[in-house]
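Peer 1: Questions regarding the structure given below will be posed in turn.
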Amino acid sequence: MGEENALPTLVGVLVGVLVTGLVGWFGPLRLQRRQAETTAGLQERLRLHELELEEMRTRSALALQRLQNEHERELETARTAQTRVDRIVRFRLVGSAWMQAILATLSRLEAGEQVQPATFDEEFARLRRETDEAAARLMLDGVWVSSADDEHGMTAPLFAAMARATEALRRVVVAAARTGGAADPVPAEAREAVRAAEAARERFRTTLFELLAVEGAGLRRV
């Protein structure tokens, strides 16, 4: 009887040991598996988060680049407009200086002063050169200021009128220098040429103000 009871007990003990061993072995294995799954899940979420961050950085960089491009375009537009205005203003100033020199010369001649032809030629050659240069710069904006008849028979009154007034006054200056005295009174022809130049200047001033208000205009003959 003792031996018969001992055998089941031994088997039970062995089964218990085996079960305990299996539990001890499968328990850490399941734990490791769960840890691996948790780690994999965290890594996947981290990867997705990094992708979202990268996408956000890309969108932000593109938005910033667009803003910078728009700002640069606005600055370039402003610079271009300012350059155009500067060229128009420059032309107005040099044209005004030429007209003022004509009026000043007429006043001196009417006052009985003698004007040296060399001084006259030097001053008006400079004024005409500066005005021509300013007119050439206006062509960059599509504005053509001509001083003579073109192929279509159109004449710009401003340059032509001031050139005629200058030449008329020069004849008076040269004639006075030859006689050694002042030309008094100034011939009506010279006075009329100066008046015509003044009238042309007033009309042209209106055109310049129109140019300042025009954006993107095509070629204009003035």
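Peer 1: Between Ser107 and Glu72, with labels modelled 7 Å along Cα→Cβ, what's the label distance in nm to one decimal, could you check?
Peer 2: Once both label points are built, they end up 5.2 nm from each other.
Peer 1: Read phi for every residue in the range 194-203 and hand back ³J(HN,Hα) as whole Hz from Karplus 6.51 cos²θ - 1.76 cosθ + 1.60, θ = phi - 60°, with x for Gly and Pro.
Peer 2: Per-residue couplings from phi come out as 5, 4, 5, 5, 4, 5, 5, 5, 5, 5 Hz.
Peer 1: Under the 0.36 nm per residue contour assumption, what length would be gained going from the current alpha-carbon distance of Leu62 and Glu167 to full extension?
Peer 2: The span from Leu62 to Glu167 would gain 31.4 nm if fully extended.
Peer 1: Between Arg126 and Arg195, what is 0.36 nm times their sequence separation minus the Cα-Cα distance? Round to one decimal in nm.
Peer 2: Length gained between Arg126 and Arg195: 22.6 nm.
Peer 1: What distance in nm separates the simple spin-label points at Arg45 and Arg203, each placed 7 Å from Cα in the Cβ direction?
Peer 2: Going by the 7 Å Cα→Cβ label model, 8.4 nm.
Peer 1: Mind listing which trypsin sites (Lys or Arg not before Pro) in the range 61-106 are in a DSSP loop and have 14 or fewer other Cβ atoms within 10 Å?
Peer 2: Sparse-neighbourhood loop trypsin sites (Lys or Arg not before Pro): none present.
All of the numbers you see were taken from the coordinates with simple rules; none came from a lab. For clarity, every value in this text was computed on a predicted model and none was experimentally measured. Glycine also receives a Cβ, built like all others from the backbone with ideal geometry; neighbour counts cover every protein chain displayed.
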